[in-house]
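First up is the structure itself, then whatever we jot down about it.
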């Protein structure tokens, strides 16, 4: 029978493959980036709810005001908040599974920003039944939306520029 704390002892061992892979300084940076991005999103949404007026149709294209989006991107599925949560969770799960399966899940691919944006908007849907958007740039967005776009762009850039082994040319190959 394993002694209590054996799993912790294994993770603390420098030869543990899980520790080498996920407890590196690069992964710690990704975890810190996730925490900072998520905290900034939560703090700005709380600030917006406390200090900004509700949005109106006459607002200028670049303005601040609270807008409650009960759907997903571009207000799709607006009348079905539970379906929006389910679709968001399924999408995040599928993305994570695909990243793990293909070897893309590694530091420097924007995965922490992508996760932060998705998790923060999902948390809004679970807490309020809608996402709190407060920045109007033609449409209403929030920091989580910016994190999602930045994470997607970073992931796409890492794929395009061949930072991932699957896209690198074999030695001596065309």
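The values are calculated or read from the model by the stated rules, or taken from the named source; none is laboratory data. Please read all numbers here as calculations on a predicted model, not as lab measurements. Neighbour counts are summed over all protein chains in view; Cβ atoms, including those assigned to glycine, are modelled from backbone coordinates with ideal geometry.
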Would you please name the residue that is surrounded by the most Cβ atoms within 10 Å (Cβ to Cβ), looking only at residues in region 97-110 that are touching a helix residue (DSSP H, G or I) at 6+ places or on another chain (Cβ under 8 Å) and in a helix (DSSP H, G or I)?
99
Answer yes if at least one residue in region 47-59 is assigned to a helix (DSSP H, G or I), without any contact (Cβ under 8 Å) to a residue 60 or more places away in the chain, over 19 Å from the mean Cα position of the chain (by Cα) and surrounded by 11 or more Cβ atoms within 10 Å (Cβ to Cβ), and no otherwise.
yes
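Residues checked against (1) modelled with pLDDT of 80 or more; (2) under 21 Å from residue 33 (Cα atoms):
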| residue | (1), (2) |
| --- | --- |
| 75 | no, no |
| 78 | no, no |
| 90 | yes, no |
| 102 | no, no |
| 110 | yes, yes |
Going by the structure shown, is residue 35 modelled with pLDDT of 75 or more, outside any loop (DSSP other than H, G, I, E, B), under 19 Å from residue 149 (Cα atoms) and touching a helix residue (DSSP H, G or I) at 6+ places or on another chain (Cβ under 8 Å)?
no
Would you pick out the residues in region 111-166 that are assigned to a strand (DSSP E or B) and surrounded by fewer than 18 Cβ atoms within 10 Å (Cβ to Cβ)?
136, 137, 139
Among the numbered criteria (1) under 21 Å from the mean Cα position of the chain (by Cα); (2) surrounded by 12 or more Cβ atoms within 10 Å (Cβ to Cβ); (3) closer than 19 Å to residue 136 by Cβ, which single criterion is violated by residue 63?
(1)
